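Everything on this sheet refers to the single structure shown next.
The numbers here are math on the coordinates, done by the rules we state, and not lab data. On a predicted model such as this, the values are computed, not experimentally measured, just so you know. Positions of Cβ are generated from backbone atoms using ideal geometry, with glycine treated the same way; all protein chains shown enter the neighbour counts.
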Amino acid sequence: MSGAISSVEGLSALLSAQKAAFIAAGAVSAAERKARIQRVIDLLVQHHMALAEAMDADFGGRPQGYSLMNDVLGSLGSLKHARDRLEGWMGDESRPAFFPYDQMGAEAWVMYQPKGTVGIIGTWNAPLFTLFSPLACALAAGNRAILKPSEVVPRTAQLVAEIFAEAFDPLEVGVVTGGADLAQVFTAQPFDHLVFTGSTAVGKSVMRNAAENLVPVTLELGGKSPVIIGRSADLANAASRIAIGKATNGGQICISPDVVYVPRERLEDFLAALASTYGELNPTVAGNPDVVAVVNARHLARVEGYLQQAQAAGARILSLPETLAADPENRRRPLQVVIDPPRDSQIMQEEIFGPALVLLSYDEVDQAIADINARPRPLALYYFGEDAEEQRHVLEHTLSGGVTLNDVMMHPALHDAPFGGVGASGMGHYHGREGFIEFSHMRTVFKSPAYDPRREWGMLPPYGEHYLAAMAAQVTRD
Ligand code: NAD
């Protein structure tokens, strides 16, 4: 069993054939859309353990229960939500016609039509979710799709290709596998829409390539998601929730807390509380199967490079749990907390995306806000505190893809709310109805009445003497 296409020629031929099949088939009924989504659900249900095992092997250690929760159940949530609501989403929407045509029987409506073939490029950190969740919305909107899983998780990518080949005609949903070279070619194809999940740097190249064919893009990128701990926050609760968030997937999540702003006088108390919860979650690191490994040597070297540079520049670094050695063999690492590093250090510029966290002490909350606003716009922002006025102030004076208050990483779990970035953290949305709209063409239709009044009203050339006066009389302020 193979199923994967991995050549440029194969990809290009598949895309042409898929686009032709889409046009030949015409309208895609609700029943057909639901049946396609159900087939994706069925293959996830059938192969969930094999997929969890593949992710475990690809990471060199990722708890299978976590893979089921994040990737399988997360994807099933998106798919079932779309399956059960798409019929309500896809109906034409009546719109009021303008005066005086509305009095003469004109009609207007908006149709939500599928665009055609959606290309979907996924990441390694959430290898199924970044493919299947956009796929749910793309199929709900009546599209076909070609998926490109990340080459960093090769077993998972191969298995995804195999199970789709079993359940789908590739003219409906196809899978191509390969590395950055193939991915680059993928983004230069004339898709009808492209969804890219990945880093901001690669996102720029994706958008450049897509521009050649005027392919609309949804870019789900990353960035340094900040946390502001207000003075009114329950410090132990905030530290505990941040520790839980940071321990998830070894910190390798696009919305993982990256920089935490803490009131200066509470810094040591915060560190103690963080260490306490992190130690409860991960009392050991070496050989602990609950600790998700850094995915490969390249990413480990990247994160360690940030840490070494910060240390050389004089930053204080705390290792949690403090007393235990790292395990270089299987890339499991304690959490490294970097306190007030120099502003120009790499860890202050680059998304960490691993088991490290920056703490910055502040005196006034507006300093934290100014620092966030001086940086590229993040994918997520978190605020802890009971001060409603400060909470509103933070929300109204910052911009991020989404927000969770008094916790971290919760808002993307909403199936019925848009998920996406802003500025450097991306553009466009998926999840729920907003995802359906993203992958639909909103096509406005105007149906004219039988009678055309323009001649009778002197609105057509040759213009009579009243035309200018009649138009001028309508130029009003209210
Ligand atoms: P990446 O950008 O290295 O790779 C992502 C995908 O892009 C892979 O499938 C890869 O094959 C492909 N790719 C690589 N080079 C390419 C090129 N030149 N042109 C086109 N495609 C190319 O990212 P990654 O390391 O897999 O994932 C980590 C990044 O993804 C982080 O920045 C993280 O924040 C972000 N992310 C974002 C979300 C989100 O929903 N916004 C979710 C997960 C991860």
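Each Lys and Arg contributes +1 and each Asp and Glu -1, all at the Cβ; summed about the Cα centre of the chain, the dipole is approximately 940 debye.
Each residue, Trp457 and Ala312, gets one label point 7 Å from its Cα in the Cβ direction; the gap between the two is 7.4 nm.
Lys and Arg at +1, Asp and Glu at -1: add these up for the other residues within a Cβ distance under 12 Å of Ile347 and post the number. Kindly include the intermediate steps, with their values, before the conclusion.
Working: positive: Lys224, Arg302, Arg343; negative: Asp258, Glu304, Asp340, Asp344, Glu350, Glu351.
Net charge around Ile347: -3.
If R0 equals 25 Å, the separation of the Cβ atoms of Glu151 and Arg375 corresponds to a calculated FRET efficiency of about 0.25. Helical runs assigned H by DSSP (4 residues or longer) give the chain a calculated mean residue ellipticity at 222 nm of -13000 deg cm²/dmol, each run adding -39500 (n - 2.57) before division by the residue total. What FRET efficiency comes out for Gln46 versus Glu434 if R0 is 30 angstrom and r is the Cβ-Cβ distance? Round to the nearest 0.05. Efficiency, rounded to the nearest 0.05: 0.55.
Think of the chain as having a plus end and a minus end, set by charges on the Cβ of Lys, Arg, Asp and Glu; of Gly174, Ile229, Thr156, Gly174 sits farthest toward the positive end of this dipole.
The stretch between Ala413 and Ser29, if pulled fully straight at 0.36 nm per residue, gains 135.4 nm over its current Cα-Cα span. Relative to the longest principal axis of the Cα atoms of the chain, the long axis of helix 154-167 makes an angle of roughly 40 degrees. Measure out, as a whole number of angstrom, how far apart the alpha-carbon centroids of the stretch 111-151 and the stretch 87-102 sit. Measuring centre to centre over Cα atoms gives 29 Å.
Using the Karplus relation 6.51 cos²θ - 1.76 cosθ + 1.60 with θ = phi - 60°, the per-residue 3J(HN,Hα) values for the stretch 403-416 come to 9, 10, 9, 6, 5, 10, 6, 8, 5, x, 6, 6, 6, 10 Hz, with x marking Gly and Pro. Bridgeable lysines around Lys224 (alpha carbons under 21 Å apart, same-chain partners fewer than 8 residues away excluded): Lys204, Lys246. Exposed loop sites here mean chymotrypsin sites (Phe, Trp or Tyr not before Pro) with a DSSP loop assignment and at most 16 other beta-carbon atoms within 10 Å; the chain contains its longest site-free run at 99-450. For Ser361, the residues whose amide H sits under 5 Å from its own are Val262, Asp340, ignoring neighbours fewer than 5 places away on the same chain, with H placed 1.01 Å from N.
Could you check what % of the DSSP bridge pairs in the stretch 226-414 are antiparallel, to the nearest 5?
Working: 6 of 25 bridges.
Percentage antiparallel, nearest 5: 25.
Across the stretch 352-366, computed HN-Hα scalar couplings (Karplus, 6.51 cos²θ - 1.76 cosθ + 1.60, θ = phi - 60°) run 6, 6, x, x, 8, 8, 9, 10, 10, 8, 9, 9, 10, 4, 5 Hz from first to last residue, x flagging Gly and Pro. Close amide-amide hydrogen proximity is noted between Gly402 and Ala380, Leu381, each under 5 Å apart and 5 or more residues distant or on a separate chain (H modeled in the peptide plane; Pro and chain starts excluded).
Annotation: the antiparallel percentage among DSSP beta bridges lying fully within the chain is about 35. Positive end of the dipole of the stretch 246-399 (Cβ unit charges, origin at the Cα centre): among Phe384, Asn282, Gln252, the Cα lying farthest that way belongs to Gln252. Annotation note: trypsin sites (Lys or Arg not before Pro) in the stretch 308-395 located in DSSP loop regions with a Cβ neighbour count of at most 15 within 10 Å are Arg343. Full extension of the chain segment joining Glu329 with Ala469 gains 41.9 nm, where the gain is 0.36 nm per residue of separation less the Cα-Cα distance. Put simply, the amide H of Val195, placed in the peptide plane, has neighbours under 5 Å in Gly119, Ile120, Ile121, Thr218, leaving out anything fewer than 5 places away on its chain. Here the spin labels are modelled as points 7 Å beyond Cα on the Cα-Cβ line, and at Ser94 and Lys447 they lie 1.1 nm apart.
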